[in-house]
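Asks: Encoded as structure tokens, here's the structure I'll be asking about.
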Amino acid sequence: MQDAYFYEPAKGHGLPHDPFNALVAPRPIGWIGSRGAEGVLNLAPYSFFNAFNYHPPIIGFSSITYKDSVRNIEATKEFTWNLATRPLAEAMNQSCKAVPPEVNEFELAGLTAEPSRLVSVPRVAETPVSFECRLSQILRLNTAAGEAVDTWVVFGEVVGVHIAAHLLKDGIYDTAAAEPILRAGGPAGYFSVDPSQYFEMYRPR
């Protein structure tokens, strides 16, 4: 048996940096666009994000504390997801700056708020992939003991999908060509996707 480091999270990890985020990684980034009840736009990246259902397609992100994105989506019932790519990495990073609710992060990051087709919330014009979403549910997390945690998971049904035409090769979406970036954990870690890492493995029948 190989030597292993064990710790109980409730008692602390005892390491220079909490490894949890790095262990569950790399993680896709939920770059979420929303609009407040007063009309102010918000754009923020969330590293706890993923897709959860095919039909209908449902995505979700988790907000540690009740942040502006959650408040906005609860009020308007709509949001957009925008693919964070290597060329947009710096802009994505700027959009996570802690600023007052009245600050428009689209403008802060130098991005274009492109009107969506089916929802009132705009998407990032510069990204090659974005989703238009309608709120399906907001879930507050609990501990195993049933105690409420100050973390909120927002689920949304994808009602519209935008894909840059050059990313469709013979009708198949080329993931690597979009240059998505993923959160790697640690204070500043990210990964990008490279075509050399691609392989195929079919499910056993």
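The values are calculated or read from the model by the stated rules, or taken from the named source; none is laboratory data. Since the model is a prediction, treat every value here as computed from it, not as a measurement. Cβ atoms come from the backbone with ideal geometry, glycine included; neighbour counts cover every protein chain shown. With ligands, DNA and RNA removed, areas are computed over all heavy atoms of the protein, side chains included. Shrake-Rupley method; radii C 1.70, N 1.55, O 1.52, S 1.80 Å.
Asks: Could you do me a favour and compute the accessible area per residue for the chain, 1.4 Å probe, result in Å²?
Replies: Heavy-atom accessible area per residue stands at 62 Å².
Asks: How much net charge surrounds Gly110 when only the other residues with a Cβ under 15 Å from the Cβ of Gly110 are counted, with Lys and Arg +1 and Asp and Glu -1?
Replies: After counting each charged neighbour, the total is -4.
Asks: Additional query: Leaving out ligands, DNA and RNA, what percent of the accessible area of region 59-205 is carbon and sulfur, probe 1.4 Å?
Replies: Reported share for carbon and sulfur atoms: 54 percent.
Asks: Take each of the peptides 153-159, 173-179, average the number of other beta-carbon atoms within 10 Å over its residues, and list them starting from the highest.
Replies: Answer by packing, highest mean first, reads 153-159, 173-179.
Asks: For the chain, set up a GNM with springs between Cα atoms under 10 Å and report which of Glu38, Glu78, Glu132 has the largest fluctuation.
Replies: Between Glu38, Glu78, Glu132, it is Glu38 that shows the largest mean-square fluctuation.
Asks: Just by accessible area at a 1.4 angstrom probe, what is the order of Cys133, Cys96 from largest to smallest?
Replies: Cys96, Cys133
Asks: Please get the size of the charge dipole for region 22-118, origin at its Cα centre, with Cβ charges of +1 on Lys and Arg and -1 on Asp and Glu, quoted in debye to the nearest 20.
Replies: That gives region 22-118 a dipole magnitude of about 300 debye.
Asks: Against the 2.2 N^0.38 Å scaling, with N counting residues, where does region 1-93 land? I'd like the Cα-based Rg ratio to two decimal places.
Replies: Computed over Cα atoms of region 1-93, the ratio equals 1.38.
Asks: Distance from the Cα centre of region 1-38 to that of region 92-127, in angstrom?
Replies: 25 Å
Asks: What value, in deg cm²/dmol to 500, does the helix sum -39500 (n - 2.57) over DSSP H runs of n ≥ 4 give at 222 nm once divided by the residues of the chain?
Replies: It comes out at -2500 deg cm²/dmol, rounded to the nearest 500.
Asks: Can you put Tyr46, Tyr66 in order of accessible area, largest first, using a 1.4 Å probe?
Replies: Tyr66, Tyr46
Asks: Put +1 on the Cβ of each Lys and Arg and -1 on the Cβ of each Asp and Glu in region 68-205; which of Ala113, Asn93, Asn142 then has its Cα farthest toward the positive end of the dipole?
Replies: Looking along the dipole axis, the top candidate is Asn142.
Asks: Test of understanding: what is the full-extension gain from Tyr54 to Val99, defined as 0.36 nm times their sequence separation minus their Cα-Cα distance?
Replies: Length gained, Tyr54 through Val99: 12.7 nm.
Asks: With the cut-off at 1.5 for a/c, could you classify region 85-205 from its C-alpha gyration tensor as rounded, prolate or oblate?
Replies: It is rounded, given that a/c, with a ≥ b ≥ c, falls under 1.5.
Asks: Further, regarding this structure: In debye, nearest 20, what is the charge dipole magnitude of the chain about its Cα centre with +1 on Lys and Arg Cβ and -1 on Asp and Glu Cβ, if you could check?
Replies: Charge dipole, the chain, about its Cα centre: 380 debye, nearest 20.
Asks: Give the lysines whose C-alpha is closer than 30 Å to that of Lys11, dropping any in the same chain fewer than 8 places away, or say none.
Replies: Lys67
Asks: Take each of the peptides 145-152, 29-36, 118-125, average the number of other beta-carbon atoms within 10 Å over its residues, and list them starting from the highest.
Replies: Ranking the peptides 145-152, 29-36, 118-125 by packing returns 29-36, 118-125, 145-152.
Asks: OK, next. Send over the per residue convex hull volume for the chain, Cα only, as a whole number of Å³.
Replies: Normalising the Cα hull of the chain by residue number yields 190 Å³.
Asks: Beyond 13 Å, what percent of the Cα pairs of region 143-205 remain?
Replies: I get 80 percent for the Cα pairs in region 143-205 exceeding 13 Å.
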